[in-house]
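Only the coordinates and a few stated rules stand behind these numbers; no lab work does. Owing to the predicted nature of the structure, the values given are computational and were not obtained by experimental measurement. Ideal geometry is used to build each Cβ from the backbone, glycine not excepted, and the neighbour counts take in all protein chains shown.
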Amino acid sequence: MAAVDEALERTAEAISSSVGAVFDDLEKIAATVSGVADRVADVPRRSAYAFLKQDLAAFINRHSAVIVGAGIAYAPGSLPEAPLWLEWWRAAQAGGEPRWVTHDLNPESLNYYDYTTREWFAVTTANGSPLAVGPYVDIGGINVNIITLCVPAATPQGTHVLGCDLTLAKLEGVFLRALQLQDPTVVLLGPTGRVIASNNARIASGTLFVEEDMQRVDRSVDVSSGSPARLPWKLVTLRT
């Protein structure tokens, strides 16, 4: 049992370290965004944030082991050029230049992507604190099962949200490399009971952990005991 406990602690540390580093760098970019807005005498135009393309490209490439894209969602009405504006880039193959992701921001369109109603934007701006949302399928966004890490960037014009997407496949790689166990069954759970990763092929990523599964939980370890609000994930083992 000592080996299992060690594996759980090792895995929790690996996940917390990988995701924590992403949060830390995202918060640095958010601080720069807030600083730019504070220094501009009038309402900043989009050109004031032109540096983000380069900064986010470097951020995506730096954390390509776990993330597949990143960007910024501006507070509604905060830019003179458009009532809503979202800039998002996806990672390219082999460390190339990240590519722009197009979102339909026309409220009259059938494909309108209203990011202001999405949990990752609405909750982050309401709480004013970092947040990990998911797993969920980002319909209208990149249309895959993801987790979005978000940090707020407070400005006089409102709160913008810096975010990045982690695919479950990449997180599962971090999980399995650290765990190195086939038995017992170990599951990485999100706050809503959705499976992020597992070492059991019958427990698929993205599925919902049901009450019957919870009754089989033998051990539970917080992934980020130091920042549970920022990363409220748990590692659990299941009795056979």
Using label points projected 7 Å from each Cα along Cα→Cβ, tell me how many nm separate Arg90 and Lys53, to one decimal.
1.9
List, largest first, the extents of the alpha carbons of the stretch 181-226 along their principal axes, each in whole Å.
31, 24, 19
Mind checking the log10 I(q)/I(0) for the stretch 22-64 at q = 0.14, 0.17, 0.30, 0.31 Å⁻¹? Debye, one equal scatterer per Cα, no solvent, two decimals.
-0.35, -0.49, -1.07, -1.11
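With helices defined as uninterrupted DSSP H runs, which ones in the chain have an alpha carbon span along their own long axis of at least 15 Å and mean Kyte-Doolittle hydropathy of at least 1.0?
Qualifying helices, which must be both long enough and hydrophobic enough, are 168-179.
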Taking the C-alpha atoms of the stretch 39-164, how large are the radius of gyration and the largest Cα-Cα span, Dmax, in Å?
14.3, 41
The lysines whose Cα lies under 22 Å from the Cα of Lys234, excluding any fewer than 8 residues away in the same chain, are Lys170
Cα-Cα pairs of the stretch 66-108 separated by more than 14 Å (percent):
55
Quote to one decimal, in nm, the extra length available between Val4 and Asn200 on full extension: 0.36 nm per residue of separation minus the C-alpha distance between them.
69.0 nm
Under 5 Å, built H, 5+ apart or other chain: amide partners of Gly69:
Ala91, Asp165
Any idea which of Ala92, Ile15, Leu188 is furthest toward the positive side of the dipole for the chain, if Lys and Arg beta-carbons carry +1 and Asp and Glu beta-carbons -1?
Ala92
The ratio Rg/Rh over the Cα atoms of the stretch 127-240, Rh being the Kirkwood inverse mean 1/r radius, stands at 1.02
Among (1) 35, 18, 16; (2) 34, 31, 16; (3) 28, 23, 16, the entry derived from the coordinates for semi-axes √(5λ) of the Cα gyration tensor in Å:
(1)
Determine which lysines satisfy two conditions relative to Lys28: a Cα distance under 19 Å, and not lying fewer than 8 residues away in the same chain.
Lys53
One finds the C-alpha centres of the stretch 154-228 and the stretch 1-54 to be spaced, in Å, by 19
For the stretch 1-84, what log10 I(q)/I(0) values come out of the Debye formula at q = 0.15 1/Å, with one point per alpha carbon and no solvent?
-0.67
